[in-house]
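Undergrad: One structure, pasted below without further comment.
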Amino acid sequence: MTVFVLFQTDIYRTRASRVFCGVFSTEAGAIDHAKGIGLYTHDVEVVIIECELDKFDEV
């Protein structure tokens, strides 16, 4: 099963600046949630990472 992890980050998309915002079953759900809570602004970026469940991997 695949899940989508939503992060908010700075405009340079550095890993150190990532803020976890949720895990979703669809990419559309992650995008809708990001829009709903106002994550899309001019000074931040939204990152959605697709991850496989039950597998260890660095995100």
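Undergrad: Show me the chymotrypsin sites (Phe, Trp or Tyr not before Pro) within the chain that DSSP assigns to loop and that have at most 10 other Cβ atoms within 10 Å of their Cβ.
TA: Tyr12, Phe56
Undergrad: In whole percent, how big is the carbon plus sulfur part of the accessible area of the chain, probe 1.4 Å, protein atoms only? Before the final figure, lay out each step's value.
TA: Working: 2300 of 4240 Å².
Its accessible area is 54 percent carbon and sulfur atoms.
Undergrad: Follow-up. How would you classify the chain from its alpha-carbon gyration tensor, with a ≥ b ≥ c the square roots of the eigenvalues: rounded for a/c under 1.5, else prolate if a/b is greater than b/c, otherwise oblate?
TA: oblate
Undergrad: So what are the ³J(HN,Hα) numbers for region 19-24, from phi and the Karplus equation (6.51, -1.76, 1.60; θ = phi - 60°), rounded to whole Hz, Gly and Pro as x?
TA: With coefficients 6.51, -1.76 and 1.60, one gets 10, 5, 10, x, 10, 10 Hz.
Undergrad: While we're looking at this one, here's another question. Points 7 angstrom from Cα along the Cβ direction at Phe56 and His42: gap in nanometres?
TA: Roughly 4.5 nm, to one decimal.
Undergrad: Turning to a different aspect of this structure: Please give me the summed charge of the neighbours of Thr26: other residues whose Cβ is under 13 Å from its Cβ, Lys and Arg +1, Asp and Glu -1. Let's see the in-between values first.
TA: On the way: positive: none; negative: Glu27, Asp32, Glu50.
Net local charge, Thr26 excluded: -3.
Undergrad: For the chain, with every protein chain kept in place, what is the accessible area per residue (1.4 Å probe, Å²)?
TA: So the chain comes to 72 Å² accessible per residue, rounded to a whole number.
Undergrad: Run the quick spin-label model on Lys35 and Tyr12: label points 7 Å from Cα toward the beta carbon, then report their separation in nm to one decimal.
TA: So the label points at Lys35 and Tyr12 sit 3.1 nm apart.
The values are calculated or read from the model by the stated rules, or taken from the named source; none is laboratory data. None of these values were measured; they are calculated from a predicted model. Cβ: placed from backbone, ideal geometry, glycine included. Neighbour counts: every protein chain shown. SASA here: full protein model, heavy atoms, side chains in, ligands and nucleic acids out. Shrake-Rupley method; radii C 1.70, N 1.55, O 1.52, S 1.80 Å.
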